[in-house]
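A quick write-up on the structure given underneath.
The values are calculated or read from the model by the stated rules, or taken from the named source; none is laboratory data. Note that the coordinates shown come from a computational prediction; the quantities given were computed from them, not determined experimentally. Using ideal geometry, Cβ is built from the backbone for each residue, glycine included, and neighbour counts are taken over all protein chains shown.
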Amino acid sequence: MRVISLCPSNTEVMEYLGLTHLLVGVDDFSDWPASINSLPKLGPDLSINMDLVEQLRPDMVLASLSVPGMEKNVLALKERGIPHIVLNPQSLNDIEHDLISTANLLGQPARGVEVAEQFRSRLENVKQRGANSYNRPTLYWEWWPKPIFTPGKINWLTEISEAAGALNVFQDVELASVQTDWEDVLIRKPDFICLAWVGVRKEKVQKSIVKKRPGFEKLNYGSDDQILILEEELYCRPSPRLLDGLEKLVDLIH
């Protein structure tokens, strides 16, 4: 089959399934695994060049709704009659199901079940490590600094926090993404600040940006180690790579 992926998380699902060799084109932001770098790039995930998609004659396109604005890609696929499915995982359980459904669609049902079981087993192993920790630190996740966006209750990072033996300080807000302000963060007194800015490489994020914010000293941090600069690709994409981020997080906060 000839398959196209229109966002990084879908490309990563293909890699976990061992089906990357079926890909004939990807969006501009797909950057893992390295083997896909030689494939035709079809534009940013919010502005896919549908003419190029059509020219590649795909048997199946993996579309997404994981970022607001992707709806127009799905509409264009429908209008052109291009075969596609839409993945929109909001939880770790959704990601597990996407592994199964995508593999089924591509004629590899046994592979989907096998990889989903591996995903679930790996997650449970990490959860056990987190459950055995003697304390449950609180975490403030920052997706974007101005204005501040942070994940709420209906988000995989709340699940990741819990699996790591910690708590998301915004888990009381019944939203996937919360727009708030720095004062609200200070009031919640997180034990750790986790910076994972969407679309920004880890190397470009500095702890000093947070330390200069008004009232930072109220957090009474003993050291800079309580400010974590994390790879956005391991925390901000709804793909099985979230487990790589989870395992790393456990080591950092315990």
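Those residues that are assigned to a helix (DSSP H, G or I) and under 14 Å from LEU242 (Cβ atoms), I need them from segment 88-115; list them, please.
Our first condition is that a residue be assigned to a helix (DSSP H, G or I); within segment 88-115, this holds for 92-105, 109-115.
LEU92, ASN93, ASP94, ILE95, GLU96, ASP98, LEU99 - these are the residues of segment 88-115 that are assigned to a helix (DSSP H, G or I) and under 14 Å from LEU242 (Cβ atoms).
Could you please give the count of residues in segment 163-190 that are in contact with a strand residue (DSSP E or B) (Cβ under 9 Å, 6 or more places away or on another chain), free of Cβ contacts under 8 Å to residues at least 60 places away in the same chain and not in a strand (DSSP E or B)? Break it down stepwise before answering.
Step one: of segment 163-190, the residues in contact with a strand residue (DSSP E or B) (Cβ under 9 Å, 6 or more places away or on another chain) are 164, 166-171, 173, 175-182, 184-185, 188-190.
Keeping just the survivors that are free of Cβ contacts under 8 Å to residues at least 60 places away in the same chain gives 167-171, 173, 175, 177-182, 184-185, 188-190.
So of that shortlist, the ones also not in a strand (DSSP E or B) come out as 169-171, 173, 175, 181-182, 184-185, 188-190.
Total satisfying the criteria: 12.
Could you check segment 144-162 and list, in sequence order, the residues that are more than 16 Å from ASP181 (Cβ to Cβ) and either among the polar types (S, T, N, Q) or assigned to a helix (DSSP H, G or I) (or both)?
Of everything in segment 144-162, those that are more than 16 Å from ASP181 (Cβ to Cβ) and either among the polar types (S, T, N, Q) or assigned to a helix (DSSP H, G or I) (or both) turn out to be ASN155, TRP156, LEU157, THR158, GLU159, ILE160, SER161, GLU162.
In segment 32-58, how many residues are touching a helix residue (DSSP H, G or I) at 6+ places or on another chain (Cβ under 7 Å) and among the charged types (D, E, K, R)?
Number satisfying all stated conditions: 1.
With of a type in the set (Val, Ile, Thr), under 16 Å from VAL3 (Cβ atoms), out of contact with any Phe, Trp or Tyr (no Cβ under 9 Å at 6 or more places or on another chain) and surrounded by 14 or more Cβ atoms within 10 Å (Cβ to Cβ) as the only criterion, which of ILE100, ILE82 stands out?
Just one listed residue meets the conditions, ILE82.
Scan segment 28-73 for residues that are more than 20 Å from LEU99 (Cα to Cα) and of a type in the set (A, V, I, L, M) and jot them down.
ALA34, LEU39, LEU42, LEU46, ILE48, MET50, LEU52, VAL53, LEU56, MET70
Restricting to segment 191-204, what's the tally of residues that are closer than 20 Å to ASP225 by Cα and assigned to a loop (DSSP other than H, G, I, E, B)? So that I can check it myself, show each step before the final result.
Keep residues of segment 191-204 that are closer than 20 Å to ASP225 by Cα, which gives 191-197, 201-204.
Retained after the next criterion (residues that are assigned to a loop (DSSP other than H, G, I, E, B)): 191, 196-197, 201.
Summing the residues that are closer than 20 Å to ASP225 by Cα and assigned to a loop (DSSP other than H, G, I, E, B) in segment 191-204 gives 4.
So which of PRO151, PRO190, PRO137 is out of contact with any His (no Cβ under 7 Å at 6 or more places or on another chain), surrounded by fewer than 19 Cβ atoms within 10 Å (Cβ to Cβ) and within 20 Å of LEU252 (Cα to Cα)?
Details: PRO151 fails: surrounded by fewer than 19 Cβ atoms within 10 Å (Cβ to Cβ); PRO190 fails: surrounded by fewer than 19 Cβ atoms within 10 Å (Cβ to Cβ).
Checking each option against the conditions leaves just PRO137.
With the requirement that a residue be closer than 30 Å to ASP31 by Cβ, at pLDDT below 95 and in a loop (DSSP other than H, G, I, E, B), what does segment 206-235 give you?
GLN206
So is GLY25 outside any helix (DSSP H, G or I) and either of a type in the set (Asp, Glu) or out of contact with any Pro (no Cβ under 8 Å at 6 or more places or on another chain) (or both) or not?
The answer is no for GLY25.
Of all residues in segment 54-69, which are at negative phi, in a loop (DSSP other than H, G, I, E, B) and modelled with pLDDT of 95 or more? Write out each step before concluding.
From segment 54-69, those at negative phi are 54-56, 58-68; that's our starting set.
With the extra rule that they be in a loop (DSSP other than H, G, I, E, B), the set shrinks to 56, 58-59, 65-68.
LEU56, PRO58, ASP59, listed by residue number.
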